[in-house]
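Please treat every number below as a calculation from the coordinates, not as lab data. Everything quoted here is computed from the prediction, not taken from an experiment. Cβ atoms come from the backbone with ideal geometry, glycine included; neighbour counts cover every protein chain shown.
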Amino acid sequence: MIERKLTIKQQAFADAFIELGNATQAYMQAYPNIKKESTAKAAGSRLLTNVNVKAYIDERMEELRSERVADQQEILELLTSVLRGEEQSAILRGVGEGAQTIDDTMPPTTAERIKAAELLGKRYRMWVDKQEINVSEVPVFVDDVSGESDGS
């Protein structure tokens, strides 16, 4: 992360804005001595145009986005562990209120394992839905129309 020169209050505002998504509320949280909403709205809007504040918010949002979204490796590892039956699922057991318990040692069902295998197979192109056609001879079109008339 690139070092940005923000005051403590600016960083508090930026962090609150990331959390709340509202500049007015974020400003009032970062600057608790401001009581008028109209003042907070104007000042919060102005802070969002500050180059350093905006860059800090953009960088933090990108970091948070990458932490929340599974990458390709993580997805492939999960599918593989389901396929191999290594993942555990939770299932509700028992009938009636108070008699139900959660069993979290249930291995993946056959349907879940097949689906994981199918998704992995698609990823590795083990089968192709489209037919690939290899044309060895390409037809050649000859334009034999000349500008002269044939006399008819």
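The phi torsions of segment 5-19, fed into the Karplus equation with coefficients 6.51, -1.76 and 1.60 and a -60° offset, translate into couplings of 8, 10, 6, 4, 5, 4, 5, 4, 4, 4, 5, 5, 5, 4, 6 Hz, rounded to whole numbers, with Gly and Pro shown as x.
Look at the dipole of segment 8-68 built from charges on Cβ: of Thr39, Ile57, Gly21, the Cα furthest out on the positive end belongs to Thr39.
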